[in-house]
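Structure first, commentary second.
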Amino acid sequence: MKAVLCREWGPADRLVVADVPARDPGPGEVRLRVRAAGVNFPDVLIIQKKYQVQPALPFTPGSEAAGEVIAVGEGVTHVKPGDPVIAFSGTGAFAEELVAPAAKVMPMPPGLSFDVAAAFTLTYGTSWHAVRDRAQLKAGETMLVLGAAGGVGLSAVEIGKAIGARVIAAASTEEKLALCRAHGADATIHYETEDLRAAIKRETGGKGPDVIYDPVGGKFSEPAFRSIGWRGRYLVVGFANGPIPSLPLNLMLLKGASLVGVFWGEFTTREPANNLAGMQELMGWLQAGQLRPHISGRYRLEDTARALEDMAARKVTGKVLIVP
Ligand SMILES: NC(=O)c1ccc[n+]([C@@H]2O[C@H](COP(=O)([O-])OP(=O)(O)OC[C@H]3O[C@@H](n4cnc5c(N)ncnc54)[C@H](OP(=O)(O)O)[C@@H]3O)[C@@H](O)[C@H]2O)c1
């Protein structure tokens with residue numbers, strides 16, 4: 001079977017597509033045929049040894065996939081050959097087949113396409129854990145989302161609206177802001193041309209947001225934190241902009257505010273029951289039409305490097321997929 005291989009750390013153009021032997025699942029594992037795999041920013045980082053998880057070389061990147069079960073290993077009872085499933089395995093998804101731990105494989109809810117199933121789990125799972133679980137966003141509160149047209153950003157916009165909050169979306173182009181409005185954002189900020197602090201003040205009547213969702217980091221974090229409201233919760237989700245910012249602790253004191261860390265992968269391992277509850281709430285919102293995953297591109301397995309380069313260059317919106 002064909003698989004993308006990362007044989008050396010570095011940029012995406014060093015990835016190769018190779019024929020590798022398919023393998024049977026061991027005890028507690030599930031083997032599946034990948035119909036679609038979601039592309040996420042951690043895939044851009046992991047091949048460069050810049051992610052918190054560093055697999056041994058060579059490895060196949062790709063954190064999540066949807067497909068059909070080919071075989072199950074000893075002790076696996078919750079899925080069987082032929083079942084459509086979602087796998088969130090961290091690596092291995094950019095391939096024709098994937099062998100994943102059974103704990104990271106769940107049956108695909110009825111009515112979902114493979115594309116949506118592959119595009120959903122990681123981004124919406126992360127944003128549910130961040131917004132609902134960690135920040136406890138309430139109806140009537142205001143949330144500012146940075147990088148709001150990206151994968152996790154757009155899912156946070158929709159989850160904020162499903163909760164009943166007012167959502168302000170910040171992004172780098174007019175086209176991205178229009179997409180955020182189409183997905184429910186009540187107000188938008190062009191953070192490459194507007195002064196971020198002045199725009200937040202304008203959009204919150206000077207009060208500041210109750211929750212700030214930050215998957216971007218870099219130059220945006222400190223001005224955003226300085227604008228947060230009283231008892232605000234600042235969600236540290238990621239650093240797509242590059243540098244990991246530092247914040248003076250007096251800022252938290254002055255606003256009675258909290259810095260809240262978010263690490264969805266660790267959450268799924270340490271708190272599987274809470275993650276399942278989150279997935280169930282998300283599936284309910286999805287089936288009610290309150291969540292509308294935006295898939296902006298599909299790439300062949302052979303074009304995986306281009307998909308990762310487009311993501312790193314801020315060219316993609318919502319989610320893009322690898323379709324073997
Ligand atoms: N904590 C967790 O559990 C968790 C889970 C999943 C992802 N993440 C992290 O969340 C971040 C976003 O992931 P994603 O999959 O949503 O990525 P994405 O779709 O590429 O979105 C990232 C957004 O960041 C903005 N951005 C600003 N500067 C950028 C730069 N120099 N390069 C690339 N993007 C830049 C872009 O929006 P504009 O062009 O509008 O600025 C882009 O839409 C990543 O850092 C990822 O590692 C964390």
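The values are calculated or read from the model by the stated rules, or taken from the named source; none is laboratory data. Predicted model only: the values in this text are computed from it and were never measured. FYI the Cβ positions are ideal-geometry reconstructions off the backbone, even for glycines, and counts take in every protein chain you see.
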- Query: How do the pairs read when you match residues in the stretch 170-185 that are touching a residue at least 24 places away in the same chain (Cβ under 8 Å) and within 22 Å of residue 217 (Cβ to Cβ) with residues anywhere that are assigned to a helix (DSSP H, G or I) and not acidic (Asp, Glu), using Cβ under 6 Å and keeping only pairs 6 or more apart or on different chains?
  - Reply: 171/177; 180/157; 185/157
- Task: Just give me the residues in the stretch 98-125 being surrounded by 24 or more Cβ atoms within 10 Å (Cβ to Cβ) and among the hydroxyl-bearing types (Ser, Thr, Tyr), in sequence order.
- Result: 121, 123, 124
- Is it fair to say residue 289 is within 16 Å of the ligand (Cβ to nearest atom), within 26 Å of residue 125 (Cα to Cα) and either in a loop (DSSP other than H, G, I, E, B) or charged (D, E, K, R) (or both)? no
- Inside the stretch 111-134, can you point out the residues that are under 26 Å from residue 96 (Cβ atoms) and touching a strand residue (DSSP E or B) at 6+ places or on another chain (Cβ under 7 Å)? 114, 115, 117, 118, 119, 121, 122, 123
- Item | Residue selected from the stretch 307-321 under the condition part of a helix (DSSP H, G or I) and in contact (Cβ under 8 Å) with a residue 40 or more places away in the chain, by the criterion surrounded by the fewest Cβ atoms within 10 Å (Cβ to Cβ) | 309
- Message: Being buried (at least 24 other Cβ atoms within 10 Å of the Cβ) and either more than 19 Å from residue 307 (Cβ to Cβ) or within 13 Å of the ligand (Cβ to nearest atom) (or both) is true for just one of 29, 64, 68. Which residue is that?
- Response: 64
- Task: Please find, among 16, 4, the residue that is surrounded by fewer than 21 Cβ atoms within 10 Å (Cβ to Cβ) and either modelled with pLDDT under 95 or more than 16 Å from the ligand (Cβ to nearest atom) (or both).
- Result: 16
- Task: State which residue is farthest from the chain's Cα centre (by Cα) when the search covers only the stretch 156-178 and only residues that are of a type in the set (A, V, I, L, M, F, W, C) and within 13 Å of residue 137 (Cα to Cα).
- Result: 165
- Over the stretch 31-54, the set of residues part of a loop (DSSP other than H, G, I, E, B) and in contact with a strand residue (DSSP E or B) (Cβ under 8 Å, 6 or more places away or on another chain) is 39, 40, 47
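Here's the yes/no breakdown for (1) under 20 Å from the mean Cα position of the chain (by Cα); (2) of a type in the set (D, E, K, R); (3) at pLDDT below 95:
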residue	(1), (2), (3)
189	no, no, no
222	no, yes, no
230	no, no, no
244	yes, no, yes
- Restricting attention to the stretch 167-191, report how many residues are more than 19 Å from residue 151 (Cβ to Cβ) and of a type in the set (D, E, K, R). 2
- Message: Looking at the stretch 248-256, can you tell me whether even one residue there is buried (at least 18 other Cβ atoms within 10 Å of the Cβ) and either of a type in the set (D, E, K, R) or within 15 Å of residue 146 (Cβ to Cβ) (or both)?
- Response: yes
